[in-house]
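**Student:** Attaching a single structure in structure tokens format; questions to follow.
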Amino acid sequence: MFDWIRRRVLYFMRVPHEPAPPFGAPGSIRVFRAGRNYYNLRLLRWAVAQVGALIGIGFSLAFFCWFKTEVDAAKALPRTPSASVTPIVPAAAPALASALASPSADVKPTPTTPARKVPQSKRDRSRGLEQVAARAPGWVIPVIEAFEIGGILLFLVQLPVTFAAVRLDFEMHWYIVTDRSLRIRTGLWRLQETTMSFANLQQVEVKQGPLQRLLGLADVHVQSAGGGGDHQPGQQGDSLHTGIFHSVNNANEIRDLILERLRQFRQAGLGDPDDHGHHPAEAVTAPADLTSGDAVAAARELLAEARALRQTVGRA
């Protein structure tokens, strides 16, 4: 299933699955990928985001159920004008009152449980929500219900799409090193590909944050000539002269490989591969002494051969 999604997405985005190797000997190509723990970290972030969205949907459904219950209860109440109520006094009430007023009455007060005091702000808020629910028009409940159903369907649809995006973004991290240059390609929606020649490399360093250290990952920063300035982590592409092998689990191996091939490249005295075909023409060295006997004899021999060739062509 995921392979089918990958092929369709890459075809739609016009992105080749594998980048072409940079300039160099075919036998020297080394391909590196981002570490597996980097994918696990991205997957964990995706799962946390989905759980947060699910909790939000749960709170929304609970509030909708309460609101619907309040609206139904408000509509079920009879809408009759309130009549004046005459208090009914029992016949034994005067006698009881006189007995309570008499000092000789031995009446023990009954202990009462103190009522729980509800904050005024909470009572006002609850009363206000009940009034809103009671005055809500009839079309409010169907509209809210439609939004709730749409939100749930959207959440279910985005699950495989966002999961595939996380997986494809991880798979699109390509780091290729040859004996002459290196190429870094990252991104899916915003594709970025950087190629750097060993003729311009100046610095190779490994950087590792606390979380990367915990997961066994690190970044390899490759700096070329003219790429001065600090490069902030997580901002790939800010400098045209900086390449980052992001979140690899063999950073030291990559660093040592680049440094070794850079050393071999400089010892071989090879130039920039982009300069091939643009070298200035070599100056023609004239003979030191054109009047020497060897030079005169060679010139005469060449003249004789030219005359013989001319006669042969004329006869034909």
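The values are calculated or read from the model by the stated rules, or taken from the named source; none is laboratory data. Remember, predicted model here, so these are calculated numbers, not experimental data. So basically every Cβ, Gly included, is an ideal-geometry build from the backbone, and we count neighbours across all protein chains shown.
**Student:** Provide a single number: the residues in the stretch 11-39 that are without any contact (Cβ under 8 Å) to a residue 12 or more places away in the chain and assigned to a helix (DSSP H, G or I).
**Tutor:** Here the count works out to 4.
**Student:** While we're looking at this one, here's another question. Quick check: anything in the stretch 192-206 assigned by TED's automatic domain parsing to the domain that holds PRO19 and within 17 Å of the chain's Cα centre (by Cα)? So that I can check it myself, show each step before the final result.
**Tutor:** At the first step, the residues of the stretch 192-206 found to be assigned by TED's automatic domain parsing to the domain that holds PRO19 are 192-206.
Imposing the further condition that a residue be within 17 Å of the chain's Cα centre (by Cα) reduces the set to 192-193.
Yes, some residue in the stretch 192-206 is assigned by TED's automatic domain parsing to the domain that holds PRO19 and within 17 Å of the chain's Cα centre (by Cα).
**Student:** May I ask you to verify whether MET13 is of a type outside the set (Ser, Thr, Tyr), loosely packed, with under 11 Cβ neighbours inside 10 Å, out of contact with any His (no Cβ under 7 Å at 6 or more places or on another chain) and modelled with pLDDT under 90?
**Tutor:** On the way: of a type outside the set (Ser, Thr, Tyr): yes; loosely packed, with under 11 Cβ neighbours inside 10 Å: no; out of contact with any His (no Cβ under 7 Å at 6 or more places or on another chain): yes; modelled with pLDDT under 90: yes.
Considered against the rule, which asks whether it is of a type outside the set (Ser, Thr, Tyr), loosely packed, with under 11 Cβ neighbours inside 10 Å, out of contact with any His (no Cβ under 7 Å at 6 or more places or on another chain) and modelled with pLDDT under 90, MET13 comes out as no.
**Student:** Tally time: how many residues in the stretch 174-190 are surrounded by fewer than 18 Cβ atoms within 10 Å (Cβ to Cβ) and among the small types (Gly, Ala, Ser)?
**Tutor:** Residues meeting the conditions: 1.
**Student:** From ARG8, ARG36, which residue is within 30 Å of ILE258 (Cβ to Cβ) and either surrounded by 11 or more Cβ atoms within 10 Å (Cβ to Cβ) or in contact with a His (Cβ under 9 Å, 6 or more places away or on another chain) (or both)?
**Tutor:** Just a single option satisfies the conditions, and that option is ARG36.
**Student:** Evaluate the stretch 123-144: report whether one residue or more is under 30 Å from ASP3 (Cβ atoms) and either at pLDDT 90 or above or surrounded by 14 or more Cβ atoms within 10 Å (Cβ to Cβ) (or both).
**Tutor:** Among the residues of the stretch 123-144, not one is under 30 Å from ASP3 (Cβ atoms) and either at pLDDT 90 or above or surrounded by 14 or more Cβ atoms within 10 Å (Cβ to Cβ) (or both), which makes the answer no.
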